[in-house]
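The values are calculated or read from the model by the stated rules, or taken from the named source; none is laboratory data. None of the values given here were measured: they were computed from a predicted structure. Note that we place each Cβ from the backbone using ideal geometry, even for glycine, and neighbour counts take in every protein chain shown.
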Amino acid sequence: MRERKSILQNLDWTTILLYFLLVIIGWINIHAAVYSEAHSSLFDFSHNSGKQLIWIGTSILIAAVILIIDAKFFSAFAYPIYILIIMLLMGVLIGGKEIAGSKSWFQIGSFSLQPAEFAKFATALALARFLSKIDINFRDWSTRILAAFIIFIPAGLILLQHDTGSALVFSALVLVLFREGLSGKLLWLGLFVAFLFIIALLFNKFIIIGVLAAIAVLAIVLNKYFRKRWLIITGIFLLASGYVYSVDYAFENILEDHQRKRINVLLGIETDIHGAGYNVHQSKIAIGSGGITGKGFLNGTQTKFNFVPEQSTDFIFCTIGEEWGFIGSLVLILLFIGLLTRIVFIAERQRSKFSRIYGYGVASIIFFHFAVNIGMTIGLFPVIGIPLPFISYGGSSLWGFTILLFIFLKQDSVRLELL
Amino acid sequence: MAVFFILILYHSLPLFRCNIGMKRNFGDRQYIIIIIFALTGLIFLVRLFWLQVIDDRYILSAESNVLQKNIIYPNRGLIYDRNGILMVYDEAAYDLMVVPGQVKEIDTAAFCSLLNITDSVFRVKMNKARKYSWYKPSLFLAQIGKEEFGFIEEKMYKYPGFFVQSRSLRKYPLPVAAHTLGYIGEVNNSDIEKDNYYRSGDYIGKSGLEKFYEKQLRGRKGLEVVMVDVHNREQGSYRGGRYDSVPVPGKSLYLSIDATLQAYGELLMQNKIGSIVAIEPKTGEVLCFVTSPTYDPNLLVGRIRGSNYKSLTEDSLKPLLNRAIMGNYPPGSTFKMVNALVGLQEGVLHEYTSYSCYGPASSPIRCTHDHISPLELQEAIEQSCNPYFWNVYRSMISNPTYGSTKEAYKVWRNHVMSLGFGAKFSTDIPFELSGNIPSAEYYDKVYYEGHWNALTIRSLAIGQGEILVTPLQLANLAVVIANKGYYYPPHLVESLGTKNNYIEAYNTRINSTIDSSHFNVVQEAMLEVFEGDHGTARWSKLPGVKICGKTGTVQNPHGEDHSMFIAFAPKENPKIAMSVIVENSGYGSTWAAPIASLMIEKYLNDTISRPMIENRILNGNLITKE
């Protein structure tokens, strides 16, 4: 009794409040997205809004269980949980059900489960466990490689399920590594590679290589530091040129057709508003037609009449943008930024290194989902089908994020007892 | 990009800082991460502000996505005859529409055979629809009739993406009066430019009454603004129907045409070229408007219209030509009454004025009729004596009291035109021609001023020469004589909307310049044409009814003479006045007079008591097709 009371006292209620606000916003907007005169009840269990209520209820139950379990369980069992999830990910490749081109679902009766959603918190746990070792040092190659393995194994398995979006989520964990001491240069490099990729698609390869050469020559001529390292600069230049040269090949042969089209649409190379660009075009219309104050609850027409596809899952933000306008969008974005900042703040107050690292894992995963999901609905990012945390319809997703967040809140509630 | 930017900032300050401290805590990196989060949020907000507040294109796009304006077509006005017999109504027809985005794999061959179109037509139509829109309906096949639709409807479930929109087709229960009624057709670009009421694909009256009364007949289209979902399925009305409007049906037309008489006239005129125009003298209402050869108005309706129209235009007998108004004929002997009336009015002629006739030896105009000589006016009309009317004409045109030939001619012309010649009546009869009563200036131009006289223009004395009249004008002459001096402008529509809503403009009596007293002798003479022992139409007289008439045989330089006749009956309180023209049929008494007589009997008695005459007319075939 005494211990239970202390859990409730020590819980971070700000985060829980933000969590509930987001979940309820999600539920209401799922209702609006699937609303029709014939199905007007929020509690109609044959509809996504009613079903989401079940997922919310069960999520609260799961959260409660997590809060009751001993906090040490998660650090102690981080690896077993990770291995179990890896096995599930393998299992789904063999015995899974294919939905919309992705073989990533287990079908149990009428109920389908997506192990990828649970791989996120498991990986965050394993990574936290690994990086919380006392003598960890990012200058060691063994540390870098092992950390990379922990991240890439589940990501690779998910990629094999053709669920590119979920696989990409794991790249967000780089932020965790960065916080724990990974050289910023690697992030730099990653961004440079991405930048070159986009530039290479948009402009003539020879012009880019020419510009790169000019920069390299200028750097060597003008800067003493670079002049000493001219060999490295030349090497980087040659690698970059080769990369730029091979982007087209990679783009045409490695990416799948629909991915290629989505990137083309984003970059404005293709403007096929009936084909590949349809989703984003309609999504922008829905959000853009919301104006400042929106069309009002249940008055959205673009999402309700199915002009926007996937309107209760990946494109749920369209409903919010259309019915609640700029004000609603502003509130939602502030809630997310508030939640993310709060998580970082809580992570930094942990005495336990494990808890802190895990906290950053939580923040980076939620951030990635938030950035990519909203980014794609407003045409700033290629269409990648990943849900908006706590908002999008879907049991696996809501459960996954709830577990992810509440394990962290449990760790935080006992932060004074952990070292 | 934001992340990129931050990293540049971060690294540019303590360049390669990681090299320095081996055991850093890296706690300061939390701020970088928070800045990354916050900047992402900020970029999203800027983007959203742009999309939602500044750029208003998306609001319009959203409306065009969702709002569908359905035009509700009103029923076109009905057309009744003078006795309330329905002549034109709307029959449901169906346009087959297609939404290309919804068309699934279908059995194209079966579909084409169902619609009776070829595979290539199918492909052309589909491509056209796809080009217009994947998500909005396009017209696939227009105007499918009721029976054809029955077959198609049964199988529609097999062809998702296709649906049927109801329209209407004009239907003519009595296949008569095609030219008078006219036809409707799809609007062309200039129609749309002239009147923005029309949209592509709408119908408009193209000829006849359909054209003249287009604004009254069409009614007003209704509009229904509905919301549709992505599959173009209706989701209810927009804002509670605030922008909807109810269609207003077109007004009905009540014609002055007697459909029964019209049908009988067309029957009599079968296998003949010409026209019959009958008018009620007391009102100017046109009772029948027969032109021959004619066609079944149902032929110019719906999908069959195109091919039928083409074959009608290619017919050498020109069935599309409305001879009753567009035929320009010299009036021939029927014009003798006009010269008589003008002479009487001007005092150059009296009832008992007598002239001699030397038959074929007469000069300058020969007489073709065998009769006593000298003779007085009544006999001259009855016997259609050419020399008599040459004398009448000369006594007027060459009369020195007018000062000059030209002045005399001007007076003469003024009288003639007051009888309804040389100008259009400008009522609701479309495509009317004005005929021609040449002006004095015209003769000045042809013969030079002062170089022409009565002799120069002597043909006018007997209705030949430059003078041209339409059958409608001739019928109107019969009206003026029947009324003893006045007429109402001939018109086709009695009332609009309801039976008694008469059109005021047509109820204005127009007086000729001839005093009513001068008509008695003319009427008596015309009665003798039927009743007299030597009357030219005595074989066509109708026992019990006093018919007044006048034959005319119009010289035709291109072939056999035209047979012409004007008549009215009964003499006292006349009910019907008419003109009959049968082209290339010789003497007026042979064909035109019996036809007029039968028409009068049909109209006045509603039965035909002279089957022998009727049979002769019905069996008469005067058409020799080249």
Give the residue that is nearest to the other protein chains (Cβ to nearest Cβ), with candidates limited to residues of segment B:118-152 that are among the hydrophobic types (A, V, I, L, M, F, W, C), surrounded by 15 or more Cβ atoms within 10 Å (Cβ to Cβ) and assigned to a helix (DSSP H, G or I).
-> B:Ala129
All-but-one check, A:Leu222 against (1) surrounded by 14 or more Cβ atoms within 10 Å (Cβ to Cβ); (2) more than 14 Å from chain B (Cβ to nearest Cβ), failing number (1)
Quick check: is even one residue across segment B:491-507 under 16 Å from B:Ala577 (Cβ atoms), β-branched (Val, Ile, Thr) and surrounded by 19 or more Cβ atoms within 10 Å (Cβ to Cβ)?
-> no
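Sort through A:Phe130, A:Phe152, A:Phe121 and tell me the only one that's surrounded by 24 or more Cβ atoms within 10 Å (Cβ to Cβ) and assigned to a helix (DSSP H, G or I).
Values: A:Phe130 fails: surrounded by 24 or more Cβ atoms within 10 Å (Cβ to Cβ); A:Phe152 fails: surrounded by 24 or more Cβ atoms within 10 Å (Cβ to Cβ).
Result: A:Phe121 is the single residue among A:Phe130, A:Phe152, A:Phe121 that is surrounded by 24 or more Cβ atoms within 10 Å (Cβ to Cβ) and assigned to a helix (DSSP H, G or I).
Residues checked against (1) within 30 Å of A:Gln161 (Cα to Cα); (2) modelled with pLDDT of 80 or more:
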residue: A:Glu180; (1), (2): no, yes
residue: A:Ala200; (1), (2): yes, yes
residue: A:Ile209; (1), (2): no, yes
residue: A:Leu212; (1), (2): no, yes
residue: A:Ala216; (1), (2): no, yes
residue: A:Leu231; (1), (2): no, yes
residue: A:Leu238; (1), (2): no, yes
residue: A:Ser246; (1), (2): yes, yes
residue: A:Ile254; (1), (2): yes, no
Looking only at segment A:68-92, count how many residues are under 20 Å from A:Ser166 (Cβ atoms) and without any contact (Cβ under 8 Å) to a residue 40 or more places away in the chain.
-> 5
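Please find, within segment A:263-282, the residue that is modelled with the lowest pLDDT out of those that are assigned to a helix (DSSP H, G or I) and farther than 16 Å from A:Val308 by Cβ.
Of the residues in segment A:263-282, the ones assigned to a helix (DSSP H, G or I) are A:263-266, A:278-282.
The next check asks that each one be farther than 16 Å from A:Val308 by Cβ; those that pass are A:263-264, A:266.
Details: A:Ile263: 78, A:Asn264: 77, A:Leu266: 74.
Selected residue: A:Leu266.
For segment B:118-150, how many residues are among the aromatic types (Phe, Trp, Tyr) and in contact with a strand residue (DSSP E or B) (Cβ under 6 Å, 6 or more places away or on another chain)?
3
In this structure, is B:Asn70 within 30 Å of B:Val246 (Cβ to Cβ), in contact (Cβ under 8 Å) with a residue 60 or more places away in the chain and either aliphatic (A, V, I, L, M) or out of contact with any Lys or Arg (no Cβ under 6 Å at 6 or more places or on another chain) (or both)? Can you show your working first?
Numbers: within 30 Å of B:Val246 (Cβ to Cβ): yes; in contact (Cβ under 8 Å) with a residue 60 or more places away in the chain: yes; either aliphatic (A, V, I, L, M) or out of contact with any Lys or Arg (no Cβ under 6 Å at 6 or more places or on another chain) (or both): yes.
Spelling it out, B:Asn70 is indeed within 30 Å of B:Val246 (Cβ to Cβ), in contact (Cβ under 8 Å) with a residue 60 or more places away in the chain and either aliphatic (A, V, I, L, M) or out of contact with any Lys or Arg (no Cβ under 6 Å at 6 or more places or on another chain) (or both).
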Determine whether B:Asn83 is closer than 30 Å to B:Val164 by Cα and of a type outside the set (Lys, Arg).
-> no
Filter result (without any contact (Cβ under 8 Å) to a residue 40 or more places away in the chain and farther than 19 Å from B:Phe389 by Cα) within segment B:423-437 = B:Ala423, B:Lys424, B:Ser434
Regarding B:Leu268, is this residue buried (at least 22 other Cβ atoms within 10 Å of the Cβ), more than 29 Å from B:Thr498 (Cα to Cα) and at pLDDT 90 or above?
-> yes
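Rundown of residues vs (1) of a type in the set (S, T, N, Q); (2) within 28 Å of the chain's Cα centre (by Cα); (3) over 23 Å from B:Asn70 (Cβ atoms), yes/no style:
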{"position": "B:Gln102", "(1), (2), (3)": "yes, no, no"}
{"position": "B:Asp107", "(1), (2), (3)": "no, no, yes"}
{"position": "B:Phe122", "(1), (2), (3)": "no, no, yes"}
{"position": "B:Leu141", "(1), (2), (3)": "no, yes, no"}
{"position": "B:Ile152", "(1), (2), (3)": "no, no, no"}
{"position": "B:Lys158", "(1), (2), (3)": "no, no, yes"}
{"position": "B:Leu181", "(1), (2), (3)": "no, yes, yes"}
{"position": "B:Ile204", "(1), (2), (3)": "no, yes, no"}
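Taking the conditions exactly as written (away from chain B (no Cβ under 14 Å), assigned to a helix (DSSP H, G or I) and either at pLDDT below 85 or under 30 Å from A:Phe307 (Cα atoms) (or both)), does A:Ser166 satisfy them or not?
Numbers: away from chain B (no Cβ under 14 Å): yes; assigned to a helix (DSSP H, G or I): yes; either at pLDDT below 85 or under 30 Å from A:Phe307 (Cα atoms) (or both): yes.
Answer is yes for this residue.
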Of (1) part of a helix (DSSP H, G or I); (2) within 24 Å of B:Val479 (Cα to Cα), B:Lys406 satisfies all except one. Which?
-> (2)
Those residues that are more than 22 Å from A:Val308 (Cα to Cα), without any contact (Cβ under 8 Å) to a residue 40 or more places away in the chain and not aliphatic (A, V, I, L, M), I need them from segment A:15-31; list them, please.
-> A:Phe20
Could you check segment B:23-116 for helices (runs of 4 or more DSSP H) lying wholly inside it with 1 or more residues that are away from every other protein chain (no Cβ under 11 Å) and more than 28 Å from A:Ile285 (Cβ to Cβ)?
-> B:108-115
Which of the residues spanning segment A:133-149 are free of Cβ contacts under 8 Å to residues at least 12 places away in the same chain, part of a helix (DSSP H, G or I) and of a type outside the set (Val, Ile, Thr)?
-> A:Trp141, A:Ser142, A:Ala148, A:Phe149
Residue check: is B:Tyr172 in contact (Cβ under 8 Å) with a residue 60 or more places away in the chain and within 14 Å of another protein chain (Cβ to nearest Cβ)?
-> no
Examine segment B:159-166 for a residue that is within 14 Å of another protein chain (Cβ to nearest Cβ) and either outside any loop (DSSP other than H, G, I, E, B) or of a type in the set (Ser, Thr, Tyr) (or both), and state whether such a residue exists.
-> no
